[in-house]
Structure formats: C-alpha cells, structure tokens
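Structure first, then comments.
The values are calculated or read from the model by the stated rules, or taken from the named source; none is laboratory data. Please read all numbers here as calculations on a predicted model, not as lab measurements. Cβ placement follows ideal geometry from the backbone for every residue including glycine, while neighbour counts extend to all protein chains displayed.
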Ligand SMILES: *Cc1c(COP(=O)(O)O)cnc(C)c1O
C-alpha cells in the first residue's frame, strides 16, 4: 500500500511524499502526516546491529520511499549524507548518551537537513530543473541548511540573516561556504528577513526561480529523525528488553521521530520529553489543558525556546485528537494512552547548569545545555523507575563547544572544537548586504539567480 500524507487540519487533499516535501505546510495550514505507518519486523530491526548507520538509514527510509525513489539512488543519498560518527557513550550501568553532534554544523539538525537536501535534489533533477532555497535565519537553521546543500548540483541556497544579531561563528558558518550558497546580511532583525522570504514565496514575478523553503515543519525532516533511534537500539540492546529515551525538545521534531519509530515497531518502553522552562507540554500531559507560552521564555538551551511546539499537532493527531495551528484543541487525544507512553518534565536554567556540573563530576562526561535538559529528564524519571538491567538513552543534540561560556562556567573546561567547526577563522567571508525592502530583495534575486 503506498503511503499518502494527510493534513492535521483535515481540510486539504492528501499528497504523496514528494509533494509534502516541496510544499512543507499543507494549504489548510496543517502539517502533513502519513496515513499509514509501515511496520518493521523485530528481526529486521535487530539485524541493524551489524550495519553501518547509512545502511540502517537506507533500510528504514525505504519503507516510506520505495515507490518514489529508486533503491540505488536512496542508497547513494544515505551514504553521502551520513559520513560522520554517531557516538553512543556509556555513562553508567546501561545508561547512555547518544551524541548527534558530529555533523558539519555540530547539531542534530544536520541529520534531517542533509537528507532533505538530497531528496529535494533527487526529485528536482528528475524534472531537469534548478531549485532556489530561501532561508531566513536567526543563526543555526541557516547554517544547517546551507551546509546540508553545499556543493549539490541543481540547488542554490540564499540565506538571509540579521547583520547585528548572529554571532561571529554563526555568520562564518554561512558566509565562508560560497559556491552554491549565497549569504545576505540584512540591515534589520530576524523578522525583517522572514518577511522578505514570505513575500518572495507569494510573488508571481519570482515563479521562474522555482523557490522552495526547507522549514522545520516539513515531514521530510521527521523521517531521517526516526533512524538514529533504530540505530541506538540495535547497537546496544541485549535480548528482548525495551528501551527508554529522553529527548530534549523544543519544536518536537526530534521527539516525533521517536514516536514514529515506535509506531514502526521499535520497542520503546517510554519516551521522556524534556523541555526547558517552556513547559506547555509537560503541563498539558499532566492536566489535559493546553496553554501555549507567549512570549516564549529565554533559556540557555536556546534552540528549545519554544512557547508552542509546532509539531505538537502531529503528536495529538497520532493519539487520535485534533489541534489547530494556534494550539486550540478541537478534539482531545487519548490522554491515558499518551501518559502510558510518554513522560514529560520541564527543567529550568539553574537545574540545567547544575546538571552539566554534576554529570561531569560524577562521570567525567561533558554535555551542553540542551543535552543537560535531556539528561535531567532521564535522571528524574529514574528516581521512580530505575531498572539497572534496562537500556536508557539520553540524546545530546549539539556539541559542547558551541556553548563554551556555559561549559566553562560550570566545569572550568574549554571544550575542544570539533573538526567541522575548526579553521573557520581563516576562511575568507563573502556576503552581500541588503537594506530590507522587498524591491531590493527581488532585484537581488533576479540579478543573482537568472
Ligand atoms: C532544534 C534543537 C533542539 C530541539 O529540537 P526539536 O526538534 O525542535 O524539538 C534541541 N537541541 C538543539 C541543539 C537544537 O538545535
């Protein structure tokens, strides 16, 4: 049975994967979800034990993509996308940290961005066209997408960032690539960048440039984010136990990867969703009432400063409910089942800092603020549920070297830069500057990409 994708708002037509990938958002404002989730037999999952990561990625994603992407092409894409390590670091007993921080931008977002880039390239080459990806960024998303698409034929990326609001390192990650990556420093704020990109998408005049976005709510992001849960389980499992994973969460894309993996048959006993002070979800799970946090609270785990997780409507849909894009619950999900399968906790900055310190003191393991939120969630869960024979995994979503000040404050150590982030200082930067009016932007695009 081939898989189609419905909108969580239930008012748009179903589409196939390719359309969901290029549309991103459904026309009714909802998010795309698969209308059936393929099942992977447990012996296949266990056979991943002897496979390399890219082979596991091929096998898992093939269940969704086999009607649309030739095996040889999918194999090549996964091999090319996943050419870095995924360390599973033992902390104590059968408690592990999975480090998803070895990609080119040292964040777990590389896993999805690199695969999405290659899938988009595959479909666009079949049509013998070029694609121009526009991204507005406040820092990290732009560099992940730029790096993921770097040197891919038929794809150009144009990334807009607010000139005075990104760090030197963030800027250099976007401006030192060149080739098919064009960086624009906007004399304004992130919202100005976002407004320009939105207007460009609406414009008829720019249709021939074949614009696309690579935004965070794309189903194309969730699929690659299922794979590392299969990998961790297969590599670490002994016998027939189940595993428990703790996921530091903001927009819940990473967490949705785990939920879909569970639906595909991965034996996950409990999912721990750890948030920073933005605690709308833990409160919802406890009370059944959902109140988004507006404005969101600024925490040191800054990639998780999300007052209303955009993927929440997907989770609600999987548990039989319906939530609109503003966070209104139209139909309540099965809260009992959700509580059986999910545990959730909010961790404030003070506790996050203490956790970085105590994990280093106890285990000599260095984690950064996002990973610390995840680890604290696991620790809290273990206070009541520990079983030393079972497998527990906490996710580290970024490299500690991206947060040198916090790490130094907590444990007086300066974490070493991963090789992907080394040498940025010496590379020449190239970028254009733009006064943010739509006409300026439009003429820039026409001049540069025709
Ligand atoms: C984006 C991000 C998160 C949160 O992931 P979601 O999928 O939005 O929940 C956590 N940690 C880091 C480092 C991130 O960049």
Could you grab me the full set of residues in the range 405-439 that are touching a strand residue (DSSP E or B) at 6+ places or on another chain (Cβ under 6 Å) and surrounded by 13 or more Cβ atoms within 10 Å (Cβ to Cβ)?
431, 432, 434, 436
May I ask you to say which residue of 178, 215, 251 is surrounded by fewer than 21 Cβ atoms within 10 Å (Cβ to Cβ) and on the phi > 0 side of the Ramachandran plot?
178
Just give me the residues in the range 174-197 being within 16 Å of residue 156 (Cα to Cα) and touching a residue at least 40 places away in the same chain (Cβ under 8 Å), in sequence order.
174, 175, 176, 178, 182, 183, 184, 197
Among the residues of the range 187-207, are any crowded, with 24+ Cβ neighbours inside 10 Å, touching a helix residue (DSSP H, G or I) at 6+ places or on another chain (Cβ under 9 Å) and not in a helix (DSSP H, G or I)?
no
Does residue 164 count as without any contact (Cβ under 8 Å) to a residue 40 or more places away in the chain and surrounded by fewer than 24 Cβ atoms within 10 Å (Cβ to Cβ)?
yes
Would you please list the contacts, defined by Cβ atoms under 6 Å and residues six or more apart or on different chains, that run from a residue in the range 374-402 that is within 20 Å of residue 85 (Cβ to Cβ) and within 12 Å of the ligand (Cβ to nearest atom) to a residue that is modelled with pLDDT under 95 and part of a strand (DSSP E or B)?
398/107
List every residue pair whose Cβ atoms sit under 9 Å apart, with the two residues 6 or more apart in sequence or on different chains, where the first one lies in the range 238-256 and is at pLDDT 95 or above and the second, anywhere, is within 6 Å of the ligand (Cβ to nearest atom) and assigned to a strand (DSSP E or B).
254/248
Is it the case that residue 358 is without any contact (Cβ under 8 Å) to a residue 24 or more places away in the chain, within 22 Å of residue 416 (Cβ to Cβ) and surrounded by 15 or more Cβ atoms within 10 Å (Cβ to Cβ)?
yes
Among the residues of the range 247-261, are any away from the ligand (no atom under 16 Å from the Cβ), in contact with a strand residue (DSSP E or B) (Cβ under 9 Å, 6 or more places away or on another chain) and part of a helix (DSSP H, G or I)?
no
Would you kindly identify the helices (runs of 4 or more DSSP H) lying entirely within the range 50-164 that contain at least 2 residues that are touching a strand residue (DSSP E or B) at 6+ places or on another chain (Cβ under 7 Å)?
109-126, 140-149
State whether the residues of the range 343-351 include one that is within 14 Å of the ligand (Cβ to nearest atom), more than 30 Å from residue 171 (Cα to Cα), surrounded by 14 or more Cβ atoms within 10 Å (Cβ to Cβ) and at pLDDT 95 or above.
yes
Please work out which residue is nearest to the ligand (Cβ to nearest atom), limiting yourself to the range 289-317 and to residues that are in a helix (DSSP H, G or I) and either out of contact with any helix residue (DSSP H, G or I) (no Cβ under 6 Å at 6 or more places or on another chain) or within 17 Å of residue 348 (Cα to Cα) (or both).
303
Quick check: is even one residue across the range 142-149 away from the ligand (no atom under 16 Å from the Cβ) and farther than 22 Å from residue 247 by Cβ?
yes
Out of curiosity, is residue 227 away from the ligand (no atom under 16 Å from the Cβ) and at pLDDT 90 or above?
no
Does the range 63-81 contain at least one residue that is over 19 Å from residue 22 (Cβ atoms), buried (at least 23 other Cβ atoms within 10 Å of the Cβ) and touching a helix residue (DSSP H, G or I) at 6+ places or on another chain (Cβ under 8 Å)?
yes
